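Trainee: What follows is a structure written as structure tokens; I'll ask about it next.
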Amino acid sequence: MLVGTVTFIAGIILILRHLHVWRHKTDATTDEKEKRFLLLQMRRRSLTSGSIAILGAIIAMLYWPRGALSFTILVCCALVLTFMIFLLASLDFLAVTQAFRAEQNKKGEAAKKLVREYHRLKQKAEQAKNDEPPN
């Protein structure tokens, strides 16, 4: 019963933590696309954390004496929730990975643009130096 209670409390703490992080990151950005991503991320993670809390409650209920049918139903619910938790966590991982790659590509393009501009200015400076008459 202790494992179920601790899991339930951990799920609730995770939900509160995800809300706190979402508020903090949303306040720090002005980009609407980034805010939308953060909202969807918070929803996914809060749903996963809520499922963890419900799973903890089910685990705690397994210790109470019940009939075979109710025990079987609780175990089936626990298995379905466990699968759902893994699925949601995997989807969150894929979404974050995709967003990270997009951000890296954007930074890479900006770096390439800066390098091209540097070479252009360097050539322009060398041309100006070669065009000066000798003293």
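Trainee: Of (1) over 16 Å from the mean Cα position of the chain (by Cα); (2) closer than 30 Å to Gln98 by Cβ; (3) crowded, with 17+ Cβ neighbours inside 10 Å, Ile59 satisfies all except one. Which?
Mentor: All conditions pass for Ile59, except number (2).
Trainee: So, Ile12, is that one more than 29 Å from Glu103 (Cα to Cα), in contact (Cβ under 8 Å) with a residue 12 or more places away in the chain and not in a loop (DSSP other than H, G, I, E, B) or not? Walk me through how you get there before you give the answer.
Mentor: Values: more than 29 Å from Glu103 (Cα to Cα): yes; in contact (Cβ under 8 Å) with a residue 12 or more places away in the chain: yes; not in a loop (DSSP other than H, G, I, E, B): yes.
The answer is yes for Ile12.
Trainee: Collect the residues in segment 41-98 that are among the small types (Gly, Ala, Ser) and free of Cβ contacts under 8 Å to residues at least 40 places away in the same chain, keeping them in residue-number order.
Mentor: If the condition is that a residue be among the small types (Gly, Ala, Ser) and free of Cβ contacts under 8 Å to residues at least 40 places away in the same chain, then Ser46, Ser49, Gly50, Gly67, Ala68, Ser70, Ala78, Ser90 are the ones that fit.
Every number in this text was worked out from the coordinates using simple rules, so none of it is lab data. Everything numeric in this text was worked out from a predicted model, so none of it was measured. Because the Cβ atoms are built from the backbone with ideal geometry, glycine has one as well, and the counts that use them run over all protein chains shown.
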